[in-house]
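Heads up, the thing below is written out as structure tokens.
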Amino acid sequence: MTTHIVAGLTVEVEGEGAAIVCVHGLGGSSNTWTPVMAALQGHRIVRIDLPGSGRSPARSSADPGELNIASMADAVQAVCRELDITRATFLGHSMGTIVCQHIATQRPALVAGLALFGPLVCPPDAGRAGILARADKAATGGAAAMQDIADAIVGAATSKETKAQQPAVLALVRESVMRQTPEGYGQSCRALATAQAASIEDIAVPTLLVTGDQDGVAPAASVAAMAERIKGSDMVVLEGCGHWTTFERPQECMQQLAKFLSSSK
């Protein structure tokens, strides 16, 4: 069995070798990384469902601490401690890339490299109110609201090529969001809406930044600005790709990961 409860979170662990820790984004889970697993073989792969996401529980009255990027980063580090991981390559998607950046700047000894998909340092100020509105909609509207949110994300965050040619990917994005609990998704939205940037100029490990040419969350110009701030980082823009990078363009993502992992040895 690869699924375990580690530090209170649902975590999938498989393989042997140097550790790779995978951190999904808002509306994601360990399955964000399923399409690219073949590129990670030969490593100890740790796929975490963040607090309130996937199969991990949301914060409750018995555990009332605020869910935010700092507490997510702490939760990921707690998993690493329990699994005796002292150094790893971190993979992140979307909100998970912010978590990874904070870990890299706060615990540099833990991070051997970063591969970030749909990366952002934090939401733009103009977008924060919309994320908070989504949090309120999830918290008050239940399953029906989650369906509406999922349909909106499918429409806005996937490329025109994905919409025209990959109906199964649209279903996968929709299912990933709809399977979140309204409570946990709302808490995660609030965590993202209040996220602050890490001091990414301090990152001094090999870093890969991958975005799509139609990614409105992590547009190429913003990712290029990140690349300028992270010394020695590499940036890749995938054609015909929106924000759900590993779902929409898995083969290209695997190629980039294999190249990155090989060059980072």
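Please specify each residue of the stretch 111-130 satisfying the condition of being open to solvent by 20 Å² or more (accessible area, probe 1.4 Å) and out of contact with any Lys or Arg (no Cβ under 6 Å at 6 or more places or on another chain).
Listed by number, the residues that qualify are 121, 122, 124, 125, 126, 127, 128, 129, 130.
Among the numbered conditions (1) surrounded by fewer than 24 Cβ atoms within 10 Å (Cβ to Cβ); (2) modelled with pLDDT of 95 or more, tell me where residue 241 comes up short.
For residue 241, the failing item is (1).
Please state which one of 252, 201 is free of Cβ contacts under 8 Å to residues at least 40 places away in the same chain and touching a helix residue (DSSP H, G or I) at 6+ places or on another chain (Cβ under 6 Å).
Every option except 201 fails the conditions.
Restricting to the stretch 35-55, what's the tally of residues that are open to solvent by 10 Å² or more (accessible area, probe 1.4 Å) and either without any contact (Cβ under 8 Å) to a residue 60 or more places away in the chain or under 11 Å from the mean Cα position of the chain (by Cα) (or both)?
6
Given the criterion among the hydrophobic types (A, V, I, L, M, F, W, C) and modelled with pLDDT under 95, identify the matching residue among 37, 1.
Only one candidate passes the filter, namely 1.
Which pairs do you get when a residue that is without any contact (Cβ under 8 Å) to a residue 60 or more places away in the chain, found in the stretch 10-22, comes within reach of a residue that is of a type outside the set (Ser, Thr, Tyr) and assigned to a loop (DSSP other than H, G, I, E, B), reach meaning Cβ atoms under 6 angstrom, with the pair 6+ apart or on two chains?
10/49; 10/55; 15/43; 17/42; 17/43
Any idea which residue in the stretch 19-46 is nearest to residue 120 (Cα to Cα), counting only those that are touching a helix residue (DSSP H, G or I) at 6+ places or on another chain (Cβ under 9 Å) and part of a loop (DSSP other than H, G, I, E, B)?
25
Anything in the stretch 30-46 that is of a type outside the set (Gly, Ala, Ser) and farther than 16 Å from residue 172 by Cβ? List them, or say none.
If we filter the stretch 30-46 for residues that are of a type outside the set (Gly, Ala, Ser), which is where we start, we get 31-37, 40-41, 43-46.
40, 41, 43, 44, 45, 46, listed by residue number.
So residue 84 passes all but one of these: (1) of a type outside the set (S, T, N, Q); (2) part of a strand (DSSP E or B); (3) farther than 24 Å from residue 229 by Cβ. Which condition number does it fail?
Status for residue 84: all satisfied but (2).
The values are calculated or read from the model by the stated rules, or taken from the named source; none is laboratory data. A quick note: this is a predicted structure, and the numbers were derived from the prediction, not measured. Note: ideal-geometry Cβ built from the backbone for every residue, glycine included; neighbour counts use all protein chains shown. All accessible areas refer to the heavy atoms of the entire protein, side chains included, with ligands and DNA or RNA removed. Shrake-Rupley method; radii C 1.70, N 1.55, O 1.52, S 1.80 Å.
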